[in-house]
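One structure below.
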Amino acid sequence: MFWSKPCSLALPHDSPLRVEEPNYQGIKHFMLKLMMFYSKQSKSIRGANVVYQRIISQVDKPPIYEVFNLEKTFKTTFSLLVLHMWLCLRRLKQEGKEGVEFGQYLYEIYNHDVELRVSKAGVNLLLTKWMKELEKIFYGNIVAYDTAILPEAKPGDFSNVIWRNIFSEDGSSTPDDAASQSVQAMARYARREVCCMTLTDKEALFSGNFMFTSLQHENRSGKGPQ
């Protein structure tokens with residue numbers, strides 16, 4: 001599982017899943033231009049919203065939990081959100097200042113979504129405290145992933161970080177035997193997505209016209225992590 005050669009995640013130009021910028025004409029175009037609808041910032045915010053929809057489409061659906069033998073809880077969903085945010089933010093940094101600015105819009109959208117998820121989970125009185133804790137976890141995970149994927153990192157570092165951030169319930173540093181196959185499979189999945197994102201062109205990245213690797217066929221195989 002996830003041994004195949006990495007490839008661009010960009011959607012074909014004829015894909016029905018693409019999201020295109022609206023092409024208004026005449027007075028409507030003129031009025032929207034006056035309201036800064038076509039400004040770089042507005043286009044970036046729309047693109048960031050599409051990117052985030054791609055993330056939650058991967059994270060909120062059953063296959064990712066079934067393929068990696070994960071229970072769908074707030075913790076696992078949050079951890080998977082952070083992992084996929086890292087994949088996007090890492091790729092955006094490769095585009096320099098423009099990518100970093102776009103990443104900030106994406107983070108703001110993510111943060112709003114997490115706040116809604118926390119509220120939905122019934123945490124209202126301590127919402128601010130929860131959000132501060134989740135922010136610490138977010139940045140801690142991002143740093144851990146960045147460090148573990150460096151060329152000088154040890155071979156098992158990345159899978160150990162995947163274990164601690166997503167699978168572990170007791171804070172142990174290395175996977176137990178029962179979860180080892182699933183952890184290794186997710187580490188391969190994440191490493192492959194890193195390469196796929198690097199191969200995904202800037203236009204697809206900034207417009208959100210890409211899709212993470214489908215897990216549907218992995219789920220239908222019924223074989224579990226390999």
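The values are calculated or read from the model by the stated rules, or taken from the named source; none is laboratory data. Computed from a predicted structure; not experimentally measured. When we count neighbours, we look across all protein chains shown, and the Cβ atoms used for this are built from the backbone with ideal geometry, even at glycine. When the accessible area is computed, the model is the full protein with side chains, heavy atoms only, and any ligands, DNA or RNA have been set aside. Shrake-Rupley method; radii C 1.70, N 1.55, O 1.52, S 1.80 Å.
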| task | Identify the residue in the range 30-82 that is small (Gly, Ala, Ser) and within 27 Å of GLU133 (Cβ to Cβ) and, among all such residues, is surrounded by the most Cβ atoms within 10 Å (Cβ to Cβ). | result | ALA48
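Counting just the residues of the range 138-169 that are among the acidic types (Asp, Glu) and more than 19 Å from THR77 (Cβ to Cβ), which one comes out most open to solvent (accessible area, probe 1.4 Å)?
Step by step, filter the range 138-169, then rank; the result is GLU152.
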| remark: Cβ pairs under 9 Å, 6+ apart or interchain, first in the range 64-75 and hydroxyl-bearing (Ser, Thr, Tyr), second open to solvent by 50 Å² or more (accessible area, probe 1.4 Å), ordered by first then second residue, are TYR65/GLU71; TYR65/LYS72
